[in-house]
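Chemist: There's a structure below that I have some questions on.
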Amino acid sequence: MILGGTSEARLLAGSLVKEDRWNVITSLAGRTADPAPVAGEIRTGGFGGAGGLTRYIAETGVDFLVDATHPFASRISANAVAACGNADIPGLRLERAPWRPLPGDDWNVVADIAAAAAAIPGGARAFVTVGRQEIAPFLQRADIAVIARMIERPEVDLPANAEIVLARPPFTLDSERAFLVDRKVGVLVAKNSGGKATAAKLAAARELHLPVIMVARPQKPPMRTVSTVNEALGLIAGQLP
Ligand code: NAP
């Protein structure tokens with residue numbers, strides 16, 4: 001079973017279903033109304049904590065669990081570690097590498113979303129790219145202008161100083177540069193998700209000498225970890241007969 005919700009999870013499922021020896025189930029949280037298509041079987045919704053995930057593994061006869069959830073999805077990853085231990089099955093985390101600052105970057109690395117919202121200078125025009133579920137602390141800052149980009153509209157009332165831009169990655173350097181210039185963005189807020197699909201905003205900020213407030217990844221309990229789909233495929237191939 002693959003715990004999904006990422007492009008890596010989709011790619012892994014797509015590769016594994018082509019081999020007859022696996023029955024692949026991808027589990028989605030069910031947060032997105034219109035998720036990208038995934039090959040193989042799909043189940044949707046929470047399990048009810050680590051205990052529920054343990055029961056699901058036992059009842060479904062899952063032999064191997066791949067936690068390919070987003071680097072910021074810390075609760076499900078902790079549950080995956082606990083459930084693999086409880087059910088005594090091997091687990092593997094597939095987590096893309098974080099972004100690292102490059103020469104010319106001006107990053108203020110903060111521990112969490114609340115710290116990111118607090119770090120925006122008063123009066124700034126902030127381009128906030130942390131997703132729909134974590135937008136609330138930014139909307140409470142009446143002294144800044146918020147331009148928040150996300151895939152689906154959040155279920156919150158928008159104050160007059162905030163604007164929502166709906167868009168789905170990937171984004172190009174040209175479009176990100178134009179966006180930052182056109183919207184007169186003064187500071188970019190991002191989570192250190194890593195990967196290529198949303199990295200162009202960082203290159204554009206570097207070119208334009210814009211400061212970036214970068215939310216560091218949450219700590220996850222240890223599990224054997226790889227950072228690419230190919231590494232995961234190699235390990236899975238060696239794991240089961
Ligand atoms: P989270 O805080 O770690 O998880 C909260 C709860 O949602 C979990 O305890 C679990 O409920 C359920 N859940 C999460 N992922 C699940 C999955 N793949 N299958 C079944 N249940 C799942 O996670 P989150 O940050 O809300 O993210 C939710 C999903 O969106 C994840 O699958 C993640 O890969 C994807 N995603 C997250 C982000 C992000 O920035 N956080 C970005 C892109 C995609 P129970 O305890 O009831 O089992």
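Chemist: Quick one: which strands (runs of 3 or more DSSP E) lie wholly within the stretch 159-241 and hold at least 3 residues that are under 20 Å from the mean Cα position of the chain (by Cα) and surrounded by 12 or more Cβ atoms within 10 Å (Cβ to Cβ)? Break it down into steps so the answer makes sense when it comes.
Modeler: Details: elements: 162-166, 187-191, 212-215.
Per the criteria, 187-191, 212-215.
Chemist: Return the residues of the stretch 113-138 that are within 15 Å of the ligand (Cβ to nearest atom), exposed (fewer than 15 other Cβ atoms within 10 Å of the Cβ) and of a type outside the set (A, V, I, L, M, F, W, C); say none if nothing qualifies.
Modeler: Once the filter is applied, which keeps residues that are within 15 Å of the ligand (Cβ to nearest atom), exposed (fewer than 15 other Cβ atoms within 10 Å of the Cβ) and of a type outside the set (A, V, I, L, M, F, W, C), the stretch 113-138 yields only Gln133.
Chemist: Assess whether Arg31 counts as being modelled with pLDDT under 95, near the ligand (Cβ under 7 Å from one of its atoms) and surrounded by fewer than 18 Cβ atoms within 10 Å (Cβ to Cβ).
Modeler: Values: modelled with pLDDT under 95: yes; near the ligand (Cβ under 7 Å from one of its atoms): yes; surrounded by fewer than 18 Cβ atoms within 10 Å (Cβ to Cβ): yes.
Criteria met by Arg31.
Chemist: Only residues that are surrounded by fewer than 20 Cβ atoms within 10 Å (Cβ to Cβ) and part of a loop (DSSP other than H, G, I, E, B): list them for the stretch 1-19, please.
Modeler: Listed by number, the residues that qualify are Val17, Lys18, Glu19.
Chemist: Return the residue satisfying two criteria in turn: it lies in the stretch 60-71 and is near the ligand (Cβ under 9 Å from one of its atoms) and open to solvent by less than 40 Å² (accessible area, probe 1.4 Å), and of such residues it is nearest to Gln239 (Cα to Cα).
Modeler: As a first pass, look at the stretch 60-71 and keep what is near the ligand (Cβ under 9 Å from one of its atoms): 67-71.
Narrowing further to those that are open to solvent by less than 40 Å² (accessible area, probe 1.4 Å): 67-69, 71.
Values: Asp67: 15, Ala68: 17, Thr69: 20, Pro71: 24 Å.
Among those that are near the ligand (Cβ under 9 Å from one of its atoms) and open to solvent by less than 40 Å² (accessible area, probe 1.4 Å), it is Asp67.
Chemist: Which number in (1) crowded, with 18+ Cβ neighbours inside 10 Å; (2) assigned to a helix (DSSP H, G or I) marks the one condition that Gly51 misses?
Modeler: (1)
Chemist: Return the residue satisfying two criteria in turn: it lies in the stretch 34-48 and is open to solvent by less than 60 Å² (accessible area, probe 1.4 Å), in a loop (DSSP other than H, G, I, E, B) and farther than 18 Å from Ser74 by Cβ, and of such residues it is farthest from the ligand (Cβ to nearest atom).
Modeler: The residue in question is Ala39.
Chemist: Would you confirm whether or not the stretch 79-93 contains a residue that is in contact (Cβ under 8 Å) with a residue 60 or more places away in the chain, in contact with a Leu (Cβ under 9 Å, 6 or more places away or on another chain), under 30 Å from Arg183 (Cα atoms) and not charged (D, E, K, R)?
Modeler: Scanning the stretch 79-93, I find no residue that is in contact (Cβ under 8 Å) with a residue 60 or more places away in the chain, in contact with a Leu (Cβ under 9 Å, 6 or more places away or on another chain), under 30 Å from Arg183 (Cα atoms) and not charged (D, E, K, R), so the answer is no.
Chemist: Still on this structure: Which of the following residues is modelled with pLDDT under 95 and within 17 Å of Arg132 (Cβ to Cβ): Val215, Val156, Val189, Val146? Steps first, please.
Modeler: Details: Val215 fails: modelled with pLDDT under 95; Val189 fails: modelled with pLDDT under 95; Val146 fails: modelled with pLDDT under 95.
Going through Val215, Val156, Val189, Val146 in turn, just one is modelled with pLDDT under 95 and within 17 Å of Arg132 (Cβ to Cβ): Val156.
Chemist: Kindly provide the set of residues from the stretch 72-90 that are more than 11 Å from the ligand (Cβ to nearest atom) and either on the phi > 0 side of the Ramachandran plot or surrounded by fewer than 20 Cβ atoms within 10 Å (Cβ to Cβ) (or both), ordered by number.
Modeler: Taking the stretch 72-90 first, the residues more than 11 Å from the ligand (Cβ to nearest atom) are 81, 84-90.
Those that are more than 11 Å from the ligand (Cβ to nearest atom) and either on the phi > 0 side of the Ramachandran plot or surrounded by fewer than 20 Cβ atoms within 10 Å (Cβ to Cβ) (or both): Val81, Gly85, Asn86, Ala87, Asp88, Ile89, Pro90.
Chemist: Separate question: If we scan the stretch 20-28, do we find a residue that is closer than 20 Å to Arg96 by Cβ, open to solvent by less than 50 Å² (accessible area, probe 1.4 Å), among the small types (Gly, Ala, Ser) and within 8 Å of the ligand (Cβ to nearest atom)?
Modeler: Looking through the stretch 20-28, at least one residue is closer than 20 Å to Arg96 by Cβ, open to solvent by less than 50 Å² (accessible area, probe 1.4 Å), among the small types (Gly, Ala, Ser) and within 8 Å of the ligand (Cβ to nearest atom).
The values are calculated or read from the model by the stated rules, or taken from the named source; none is laboratory data. What you are looking at is a predicted structure, and each value in this text was computed from that prediction instead of being measured. For neighbour counting, all protein chains shown are included, and Cβ atoms are generated from backbone atoms with ideal geometry for every residue, glycine included. The area values use the complete protein model at the heavy-atom level, side chains included, leaving out ligands, DNA and RNA. Shrake-Rupley method; radii C 1.70, N 1.55, O 1.52, S 1.80 Å.
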